[in-house]
Each structure stands twice: as structure tokens, then as C-alpha cells.
Amino acid sequence: MTAASVQTNFETDSPIINHPRIDQKRLSEARKILDAGDALLYKPTRAGFTTSAVYATLEIKKRTLFVAPTNRILKETICAAGRGNSVQVLPNCFCLRLRDRIKEDRFLSQLPLLLPKCEECDMQKKCPVTKILADESPVIGITYRKLEALMLSKSKIAKEVLNKISSVEAVVMDEAHEISLQKVVRVPAFYEFNFTLSYSNLENIFIKWLNFNRKFEDKIKNLIRDGDSGHVGKHLSSTISNDDPLNVKQLIAAYDELYELANHRKELDVAEKDILALRDIISILSGHVIGISYMREPNGKSGKVSLTGNYWISVMMLKRFLTERVPLASHIYVSGTLIEPHPGFFSDLSGRQINDKIFPDLNDTNSKMTIHPDSYKLNSHNFSKRIDEIVNKIGTICKKNPGKMIFVVAPNAKKGQIIQKSLIETMGPSAPVVDYYRSDLTQGVENSARICIAIGLAELPSNTYDHQAWGENEEEKWIDSQRLRRESVDSATWQTLSRVKDPNGKEESTVICIGVTEKQVRNVVTWGPGGGSS
């Protein structure tokens, strides 16, 4: 079924649209975007487009699929705005038969979980995972990851869910920069396990993994040699055809065994990191294209070569969904930090020309935000030397703002844990919670704090995007790789800092940087219409 055969069933006649808390100016602009159809929509962060688009969907009675990178965005932003007129396509970990086991062991939720035979399940009608099949809500929410899984699945239930969500008239792809610069699956070359695999399907896949590494051993060694001799200015990545990708039957068998292995990991003395590596190896070997990339951490003396996958699969599955499943629906790509890895990227995904549009900063949110830079640049080399200084400065800021919510963000999860531990040792229970760049709380969701302490930037290793770079020679590919990395760093940083902006443009917000210079701040804030305030 495609958009041509849509018959919507709206149970309410949009009384919420006239609710006094609804910003009518933003609602009007969102309605114009939805009415106009296809769009590559540039918007200021925290401008309220996504929430307004949900309201507009209900007002104009246009059945719309909202795709987002996280379930948190779907729950707290999209479905919350739907107020009973929305349904979320949940991941399989919410299956009623799997849910209790996952509550007991949260690690299992990190695995690709296969649904039991839904058609034979006596709880199917009340299961949140299959709720979409009997739901006629005009607003549907799904993550990019779940959509990809549905497109890859051959199960009857997956096809039924796909048929249901393919009946929409519009597809709004929120935080669309996540499509452009996705996190790729990486496993170090020649990764081996410290245990004996007693599962035949997993064992066969591991043998396949080792054989692939051996086949390209010379290429791997050459990349290590070239990278360790000086990685700056070099494009240290290549893509290789996988002539024998895992088929659906092999994937199902492997995921079943992976789940069993995870359930018995403690008695088998299997490390969780090894199980996750197996998960990623399965993903890599299921693709027709595999990348081989060298990466070195900032200021690291040597690097490592990893095999990468899933980026090409993700893009291909999204393209197939848009061009084959919803070719007549409007395709709207939205972000406050919209990035095209190369010209025409989004138009190519949709199979037709997608033109630029702008959602204005109607409440002038940027002008109410002040960013205070620091005098030095934080990096991996000086982080440990400055940890006491960082902790003391956070403590001083908290003392100057008693009773106020403060959003503290670290460069990454590991450094966040270090800072959090030191803060608790220094401040006790009054220490603020430390988040980190690129967490679920740093884009697309509400934040009540109006003060942010930003420690460094959302930095990435220099060769992170070599696998995605374009160019006719090594130099051009290196330049393009650095462009993508810089855009990713600035995008993730600006998304995070913007959490403390007041979407209504009434309250002042402040960002106090630690280890971020004025030049770095100016690079970060020059996103989209209006830029930032420094």
C-alpha cells in the first residue's frame, strides 16, 4: 500500500490545536511546510518545529510518519505532542514475552532481539510491539534503526507493520543529520575471543570473520604502517566487496544463538564486550560492502585498523523504503544542523529533487542565549592534567547558582565518568549529574536547565569519516573526511549546547565553556538561520 490509497481515521477534530499553550505562529509555519510537501528543512535548534509539525498533522488530517534517531525523542517529543493521537513502533525489547527477562538483565536489550512467533502468541493483541497493526492514529513514530530492521526482516509481522506505516501521506525525518553522518559498526581487525564458541552458527560466522581478515591481511598491515608513520593528510580507508554476505536464514540462526550465549555468559565466563563484538561482526558480514579503516585517537602514538559496516546497509534500506514503500508521500528532512555528505544526497535518497526550505526562529531563541568561551583548548593530552581545575570550576559555578538546574556535559562517556567521580568526591550528594556529547539527552528532547557547563567539544578521531569521504585522489578524500568530521563535531556540540535554550524565547540561557576557545565557539554556533550568540 502506498500514499495513493490512504484512508485516515482521525478520532478527534483537533481540539488540542486551539489549546492556549500551542504557539499558533509556529503551528502556522509547520502547516505551510507540511502542505508544501518535499523539503530539506533547515531550522534553528529548539525552534519547536517537530512539536508544531505533530500539531499541524492533526489539524490538516495528514497521516504522517515521524522517524527519529532515538526512542526518547519519539516518546518525549513526538508522541507526547500527539496527546493520544499517536502510536510508537517500539523495538522488540518491549515484546511481552521478552520484557520481563530484559528487565532482569538490561544487557540483553543491546542485542538484535527476534520476536517469538507473534501469530501464535496469545498476547499479540495487547502487545506494545504489534500495537501499530490495530492502531489508526494519524501520528506514527519509529526510529531509523527499527525501520531498517523492518526492511531487512522477512517475517510476516514485519511485513504487516511495513504495510501499515507505508500508508502515510508524509514522512518527517527528524534530526536528519543522523542519516548523513551515522555511527558505523567497527570491530578491530583480527578481533579474537578468549572463550570457545559452542554454538555452531556463531562458530561458522567467526571462522568466516577470520578468513576475511586473512584474505585482506596485507591491506590491513599496509594501513597500519601508513597510519603509524603519520596519519595527517592521508585517507586511510577502503571499501571491499563482500562476495558472500550472510543471508536471512543465517542471520536468524546467529541472533538466536547470540541471545542464548548472552543469557549464559556468566556461567560460561564470557565478557559482554566479546558478545557485543560478535553482534557487530554479524552486522558487518551481512553487508555487501565492508570498509577497512585506520583510526588513531587524538594524541595517540599509534592507531588501529577496524572493519566497518552497516552505514551502507542503513542508507540503502532507507532509500528503498522511501522510493518503494512511500514514493507518493512527502519526504521532509529536518534538522537544526542539517548536513549533506555530498551534494544531492537527500534527493538521491528520495529518488527525486528535494528543495531547501527554512523554518524561522519565530521566538528569537538564539538571541536569548549567551556563550562564554574559555582561554584554552581541552584535548586528550591535557585532560588528566586539568581534571582538578575542571572539577573546581564546576563547583564554583554551582555555588554561584544555588538551587538552579545545571546541565553538565563532558567530551565522551569515559571522561564523563571520571569527572562525575571527582565531583562526587569533592561535592558529595550535591554534585550535578554529568552527561556527555551524543547521548540520548543531547538532541531532540526537552531540558529544563538554563545553564550549561560545556567541557570541551564533541571531538572525534581524525579518520572517523574516511569510509564516507569522496574525492578523486588521496588528498581530496582526506580533505573531505576532515570536513565531515568537523561538521559532525560542531553539529553534536551545537545540538548539545542548545538543550538549555528556552524554546519560547523568554528566559535567558547561559553556556559556560571549559576548554573551548572563542574561535571554537564561533565555528560551533554558525549553524542554520540566525546562528548563535557568543
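For this structure, a couple of remarks:
- Note: relative contact order over segment 366-525, using C-alpha pairs below 8 Å and six or more positions apart, is 37 percent.
- For segment 185-309, the Kirkwood hydrodynamic radius from C-alpha pairs, put into Stokes-Einstein at 20 °C and a viscosity of 1.002 mPa s, yields a diffusion coefficient of 139 µm² per second.
- The phi-based Karplus calculation (6.51 cos²θ - 1.76 cosθ + 1.60; θ = phi - 60°) puts the 3J(HN,Hα) values of segment 63-76 at 4, 10, 9, 9, 10, 9, x, 10, 5, 5, 4, 4, 6, 7 Hz, whole numbers, x for Gly and Pro.
- Cα shape, segment 147-228, gyration tensor, a/c 1.5 rule: oblate
- Coarse-grained scattering of segment 300-425 at q = 0.15 Å⁻¹, given as base-10 log I(q)/I(0) from a Debye sum over alpha-carbon atoms: -0.99
- Here the sum of -39500 (n - 2.57) over DSSP H runs of 4 or more residues, divided by the residues of the chain, equals -11500 deg cm²/dmol at 222 nm, to the nearest 500.
- Between THR517 and ASN222, the FRET efficiency estimated from the beta carbon spacing at R0 = 45 angstrom works out to 0.75.
- log₁₀ of I(q)/I(0) at q = 0.11 Å⁻¹ - the chain, Debye sum with one point per alpha carbon: -1.11
- Per-residue ³J(HN,Hα) for segment 111-116, Karplus 6.51 cos²θ - 1.76 cosθ + 1.60, θ = phi - 60°, Hz, x for Gly and Pro: 9, x, 9, 8, 6, x
- Of LYS377/LYS519; LYS393/LYS415; LYS75/LYS159, pairs whose Cα-Cα distance is over 21 Å: LYS75/LYS159
- DSSP beta bridge pairing in the chain, given as percent antiparallel to the nearest 5: 25 percent
- Considering all C-alpha pairs of segment 469-529, those separated by over 13 Å amount to 70%.
- 3J(HN,Hα) from dihedral phi, segment 27-42, Karplus parametrisation 6.51/-1.76/1.60, rounded to Hz, x for glycine, proline: 4, 5, 5, 5, 4, 4, 5, 5, 5, 6, x, 3, 7, 9, 9, 8
- Sorted on the mean count of surrounding Cβ atoms within 10 Å across their residues, most packed first, peptides 219-232, 362-375 read 362-375, 219-232.
- Under a model in which nothing but the beta-carbon of Lys, Arg (+1) and Asp, Glu (-1) is charged, the chain shows a dipole of about 800 debye around its Cα centre.
- Relative contact order %, segment 185-309, counting alpha carbon pairs below 8 Å whose residues are six or more apart: 41 percent
- Overall shape of segment 366-525 was characterised from the C-alpha gyration tensor. The equivalent ellipsoid obtained from it has semi-axes of 29, 19, 13 Å, in decreasing order.
- Segments 486-495, 311-320 sorted - mean Cβ within 10 Å per residue, highest first: 486-495, 311-320
- The alpha-carbon of LYS156 sits under 17 angstrom from the alpha-carbons of these lysines, leaving out residues fewer than 8 places away in its chain: LYS117, LYS125, LYS131, LYS146, LYS164, LYS249.
Readers should treat all values here as calculations from the given coordinates under stated rules, not as data from a laboratory. The shown structure was predicted, so the numbers you read here are calculated from the model rather than taken from an experiment. No Cβ is skipped: glycine too gets one built from the backbone with ideal geometry, and neighbour counts run over all protein chains shown.
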